[in-house]
1. When you look at residue 154, is it modelled with pLDDT of 95 or more and open to solvent by 10 Å² or more (accessible area, probe 1.4 Å), yes or no?
2. Starting from residues that are outside any helix (DSSP H, G or I) and in contact with a Leu (Cβ under 8 Å, 6 or more places away or on another chain), keep the ones in region 80-121 and report whichever is most open to solvent (accessible area, probe 1.4 Å).
3. Please work out which one of (1) surrounded by 19 or more Cβ atoms within 10 Å (Cβ to Cβ); (2) out of contact with any Pro (no Cβ under 7 Å at 6 or more places or on another chain); (3) without any contact (Cβ under 8 Å) to a residue 40 or more places away in the chain is the condition residue 263 fails and give its number.
4. Need at least 1 residues that are at pLDDT 90 or above and in contact with a helix residue (DSSP H, G or I) (Cβ under 6 Å, 6 or more places away or on another chain) per element, so show me which helices (runs of 4 or more DSSP H) inside region 205-283 make the cut, counting only ones lying wholly within it.
5. Name the residues in region 127-136 that are within 19 Å of residue 79 (Cβ to Cβ) and open to solvent by less than 30 Å² (accessible area, probe 1.4 Å), would you?
6. For region 166-191, what are the residues that are open to solvent by 20 Å² or more (accessible area, probe 1.4 Å), farther than 28 Å from residue 248 by Cα and not polar (S, T, N, Q)?
7. Can we say residue 145 is in a helix (DSSP H, G or I), of a type in the set (A, V, I, L, M), open to solvent by 10 Å² or more (accessible area, probe 1.4 Å) and more than 26 Å from residue 167 (Cβ to Cβ)?
8. Taking region 17-51 only, how many residues are under 19 Å from residue 146 (Cβ atoms) and modelled with pLDDT of 95 or more?
Amino acid sequence: MHPAPSVIVFSSLSGLGFGLLIWLGLGLPAVTGGVAFVFFALAYALAVGGLVSSTFHLGHPERALKAFTQWRSSWLSREGWCAVLALLVMALYGAGLVFVGERWVILGWLGALLSLATVFTTAMIYTQLRAVPRWHSPLTPLYYLSLSIAGGALLAGQVTWAIWLLLVAGLVQLATWARGDGALAASGTDMASATRLGSIGKVRAFEPPHTGTNYLLREFVFQIGRKHALKLRVIALVLMVILPILLLLLPFGHWLAALAVVSHLAGVLTSRWLFFAEAEHVVGLYYGQRTART
């Protein structure tokens with residue numbers, strides 16, 4: 001898939017923002033007043049900023065509100081509802097902490113659950129796509145959730161939790177790559193199955209479907225060399241997991257914590273770019289841009 005910058009930024013920033021809201025809803029850290037305001041301002045800047053940036057990838061951003069009407073069948077619509085409800089509930093919960101110094105526990109837990117549901121529904125938008133075998137896996141929601149919760153713990157200053165959850169996120173990332181590399185071949189999809197002509201013999205393209213580029217090639221067929229992909233995977237894992245953990249293991253300091261957050265965000269952006277760049281849409285088989293070999 002073509003790795004659109006707006007989608008990469010959206011899925012990275014909003015995941016961290018809602019991850020932080022999950023921890024704030026659970027009462028971690030236990031802050032009130034001005035300190036609570038800073039934490040909630042950061043969470044909302046990331047979550048809302050990510051949601052806004054996603055609209056730039058829509059063909060008609062002005063019609064974004066129509067997405068809310070399809071909640072019975074669309075994961076995109078469910079994501080929108082969960083995000084709005086999470087932000088509203090957490091706004092009330094945050095107001096209690098900031099202005100009256102009260103933690104309304106039930107409201108906080110509800111907001112944390114809705115924030116978690118927002119990340120899950122975001123992941124399901126991609127998980128449901130059978131045409132992208134790399135994404136069509138239970139590991140995709142785990143990938144999104146693990147990074148969101150780990151990143152939220154990092155932003156919330158939960159050092160011990162962050163270290164262990166970053167390790168889990170790293171393992172999930174490795175499993176996602178390992179499974180994804182053979183997903184297209186394992187799906188059994190090829191030109192014969194796509195055209196349903198395999199029963200009468202071997203199917204091959206006589207000539208390219210088009211002499212030039214088109215929408216499908218621009219949006220759904222993006223190729224990245226294996227050597228470049230391997231380098232980017234190493235960079236993503238080091239920045240997203242290894243370096244933040246090493247920084248957290250050092251004697252605590254605000255600058256070290258800030259550096260760990262910046263490193264993690266850079267790693268998540270790299271990982272998310274690969275998530276889209278390595279997505280092998282089966283339409284690429286039709287154009288001769290993909291093979292079903294591992």
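The values are calculated or read from the model by the stated rules, or taken from the named source; none is laboratory data. Since the structure is predicted, the reported quantities are computational estimates derived from the model, not experimental observations. Heads up, the Cβs are rebuilt from the backbone with ideal geometry, glycines too, and the neighbour counts pull from every protein chain shown. Accessible surface areas use protein heavy atoms only, side chains included; no ligands, DNA or RNA. Shrake-Rupley method; radii C 1.70, N 1.55, O 1.52, S 1.80 Å.
1. Judged against the criteria, residue 154 is a match.
2. 104
3. (2)
4. Because the criterion is at least 1 residues that are at pLDDT 90 or above and in contact with a helix residue (DSSP H, G or I) (Cβ under 6 Å, 6 or more places away or on another chain), the helices (runs of 4 or more DSSP H) in region 205-283 that meet it are 226-237, 243-249, 254-277.
5. Within region 127-136, 127, 132, 135 meet the criteria.
6. 179, 181, 182, 185, 186, 188, 190, 191
7. Working: in a helix (DSSP H, G or I): yes; of a type in the set (A, V, I, L, M): yes; open to solvent by 10 Å² or more (accessible area, probe 1.4 Å): yes; more than 26 Å from residue 167 (Cβ to Cβ): no.
It is false that residue 145 is in a helix (DSSP H, G or I), of a type in the set (A, V, I, L, M), open to solvent by 10 Å² or more (accessible area, probe 1.4 Å) and more than 26 Å from residue 167 (Cβ to Cβ).
8. If we filter region 17-51 for residues that are under 19 Å from residue 146 (Cβ atoms), which is where we start, we get 17-26, 28, 43, 46-47, 50.
Within this subset, residues satisfying the condition of being modelled with pLDDT of 95 or more are 17-26, 28, 43.
Total satisfying the criteria: 12.
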